[in-house]
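**Student:** Let me begin by handing over the structure; questions about it come next.
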Amino acid sequence: MITFSVVTITYNAASVLQPTLDSVLMQDYPHVEHLIIDGASADDTVRMTEAYRQQSDEAENGHVVKIQSEPDGGLYFAMNKGLELATGDYIVFLNAGDRFPAADTLDKVMLAAEVGDGEERPAVLFGNTDIIDSKGNFLCHRRLSPPERLTWRSFRYGMVVCHQAFYARMDIARALPYDTTYRYSADVDWCIRVMKEGERRKLLLRNIHAVVADYMQEGQTTLHHKDSLRERFDVMRRHYGLVRTLLLHLWFVLRSVLR
């Protein structure tokens, strides 16, 4: 049975963290390593995570909860720390406010990871995402949805798989840390690089065919939308070339005008 490393990055996140912890605790799948990487929060975040660890231990659900709280350089520095500490077969980032939608979410992901004798496990497992508000109420299905056949080229039309619905094989993920020169879009760049490496190794990118993440709308990318768009343009230019990126962005503008 494979182990999932679920990494949750926190910083003064007490107001939105509990539903995230509860959604991991309720997973029926037993082989879960939950890493909580905290940036030395000054609110109740660490106390909540300690209480959660005790609750998970008492539940005897097979989950292992690890907590690290210390100052860091920001979100992607903390994610790189998670990559270094994780020991599972696949890694997924589920940050404060985001959550698994149902108790059998990781069971569905595990089924997508199954392979026959002599076959290598997929480089990436990916699924769909729903958008929720800060109270967990369903708002809509995410506008961008994953294609049946995902490749690294698919992201030239936007981040068609949400970061929280992207499970990367650990050996690939750890070798490709987040580029911390980006403040808001290193996740886009990282996903593309992981998929490129999967293609280089001739590994599958497999669709889970289920909603595997509830994404809270008011995230950092939403709050810093313009800066995020500038960074994403640079990410696309690096991976797809300047001319193609300019033409695609012109098409995005025309499409929005014609709607």
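The values are calculated or read from the model by the stated rules, or taken from the named source; none is laboratory data. Bear in mind the structure is a predicted one, so any value in this text is a computation, not a measurement. A quick note on method: Cβ atoms are made from the backbone with ideal geometry, for glycine too, and the neighbour counts reach across all protein chains shown. Surface accessibility is based on the protein's heavy atoms, side chains included, excluding ligands, DNA and RNA. Shrake-Rupley method; radii C 1.70, N 1.55, O 1.52, S 1.80 Å.
**Student:** Given the DSSP H assignment, sum -39500 (n - 2.57) over each helix run of at least 4 residues in the chain and divide by its residue total; what's the result at 222 nm in deg cm²/dmol, nearest 500?
**Tutor:** -12500 deg cm²/dmol
**Student:** Heads up, I need the accessible area for Arg230: 1.4 angstrom probe, whole protein in place, Å², nearest 10.
**Tutor:** Number for this one is 150 Å².
**Student:** To continue, here is another question. Which lysines have a Cα less than 26 Å from the Cα of Lys108, not counting those fewer than 8 places away in the same chain?
**Tutor:** Of all the lysines, those that pass the test against Lys108 - Cα under 26 Å, at least 8 places apart if same chain - are Lys66, Lys135, Lys196, Lys202.
**Student:** Subtract the Cα-Cα distance of Ser15 and Arg201 from 0.36 nm times their separation in residues, and report this length gain in nm to one decimal.
**Tutor:** Result: 62.8 nm gained on full extension.
**Student:** Give me, ordered by chain and number, the residues 5 or more places off Ile67 or on other chains with an amide H under 5 Å from its own placed amide H.
**Tutor:** Ile36
**Student:** Jot down the radius of gyration and Dmax of segment 162-207, Cα atoms only, both in angstrom.
**Tutor:** 10.6, 31
**Student:** Highest mean first, what order results for 56-64, 8-16 on Cβ atoms within 10 Å?
**Tutor:** Details: 56-64: 14.0, 8-16: 20.0.
Most protected by this proxy first, the peptides run 8-16, 56-64.
**Student:** Projected area of the chain, taken from the Cα convex hull and averaged over every viewing direction, in nm²? Don't skip to the answer; put the middle values down first.
**Tutor:** Details: hull surface 55.3 nm².
Average of the hull's projected areas for the chain equals 13.8 nm².
**Student:** For Arg183 and His141, what is the calculated FRET efficiency with R₀ set at 25 Å and r taken between the beta-carbons, to the nearest 0.05?
**Tutor:** Computed FRET efficiency for Arg183 and His141 comes out at 0.35.
**Student:** Please list, by residue number, every one of the GluC sites (Glu not before Pro) in segment 101-204 that is coil in DSSP and has at most 15 other beta-carbon atoms within 10 Å.
**Tutor:** Numbers: sites: Glu114, Glu119, Glu120, Glu148, Glu197, Glu199; in loops: Glu114, Glu119, Glu120, Glu148.
Here the GluC sites (Glu not before Pro) that fit, given the DSSP loop and packing criteria, are Glu114, Glu119, Glu120, Glu148.
**Student:** Using the Cα centre as the reference, give the magnitude of the dipole from point charges on the C-beta atoms of the chain (Lys, Arg: +1; Asp, Glu: -1; all else neutral), rounded to the nearest 20 debye. Show your work: numbers first, answer last.
**Tutor:** Values: 30 positive and 35 negative charges, 355 e Å.
With Lys and Arg at +1 and Asp and Glu at -1, about 1700 debye.
**Student:** Here's another thing I want to ask about it. Under a crude label model (7 Å from the Cα following the beta-carbon direction), how far is His209 from Leu85 in nanometres?
**Tutor:** 3.7 nm
**Student:** Given the options Gly241, Thr87, Ala102, identify the residue whose Cα lies farthest towards the positive end of the charge dipole of the chain (+1 on Cβ of Lys, Arg; -1 on Cβ of Asp, Glu).
**Tutor:** Gly241
**Student:** Starting from the Cα of Leu229, step 7 Å along the direction of its Cβ; do the same at Glu70; then give the gap between the two resulting points in nm.
**Tutor:** It works out to 3.9 nm between the two label points.
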